[in-house]
């Protein structure tokens, strides 16, 4: 028996199609976590343990995610098998800039060598630099940690045509396409959306539609 990562193939393929096309120096950053808050026997696992992370372009993203579906027990946390119910897979919807990440990675590795740090992992350090190296900021992500959200009020403070709403296990991610914001809302939308009850904002990891998130399948929804 294998872990199940993809729970709705059509939703996942639609999401991949929706993602922005990449430039030559860009890739998408993805990661698989085991989340303590999703696990019934939470004592056994650490909080938000990272099991796998990888880079991909759009053409290979489905296959890369499918490759996460390894035999149950292959993912371990403190010597304990990671439970299926704890799994969640994420992506940064804004592309990562590999050129910038390479420059930052050279500096980071040089600093570690200069400080005579003997315990660092170059591969892990470079992946961390890639995660932080946002290229084009196409979307601004507002993370709402509740199902009780006033979408009618949201529609009054920004043009709905620039919004994409992802329903998640515990709430919503409101994705704002920055280039599509109408001029009348550009200076005021951010603070007004935050006041509606937003947990976090910025360039964030997004639960992947059509994939597992603690027993739930995130999906894009129409609310307007």
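Just so it is clear, none of the values below were taken in a lab; they were calculated from the coordinates. Values in this document were obtained by computation on a predicted structure and should not be read as measured data. A quick note on method: Cβ atoms are made from the backbone with ideal geometry, for glycine too, and the neighbour counts reach across all protein chains shown.
Exposure proxy shown here: for 167, 69, the number of other Cβ atoms within 10 Å sets the order, fewest to most, as 69, 167.
Sorting 59, 133 by the number of Cβ atoms found within 10 Å of their own Cβ, with the fewest placed first, yields 59, 133.
Taking every C-alpha pair closer than 8 Å and separated by at least 6 residues, the mean separation divided by the residue count of the chain gives a relative contact order of 25 percent.
In a fully extended conformation the segment linking residue 117 and residue 85 would gain 7.8 nm over its present Cα-Cα distance, using 0.36 nm per residue. The simple spin-label model puts a point 7 Å past each Cα toward its Cβ; for residue 188 and residue 78 those points are separated by 5.0 nm. Based on every Cα atom in the chain, Rg and the maximum pairwise Cα distance Dmax equal 18.6, 56 Å. For region 74-118, list residues with backbone N below 15 Å from a point placed 7 Å from the Cα of residue 137 toward its Cβ? Backbone N within reach: 93-97.
Shown is the FRET efficiency for residue 200 and residue 220, computed with R0 = 25 Å from the Cβ-Cβ distance and rounded to the nearest 0.05: 0.80.
Per-residue Cβ neighbour counts within 10 Å put 162, 30 in the sequence 162, 30, beginning with the fewest. Apply the a/c threshold of 1.5 to the C-alpha gyration tensor of region 20-103 and tell me whether it is rounded, prolate or oblate. It comes out prolate by the Cα gyration axes.
Using the rule -39500 (n - 2.57) for each DSSP H run of four or more residues, divided by the residues of the chain, the 222 nm mean residue ellipticity is -8000 deg cm²/dmol. Extension gain for residue 124 to residue 67 (0.36 nm times residue separation, less C-alpha to C-alpha distance): 18.5 nm.
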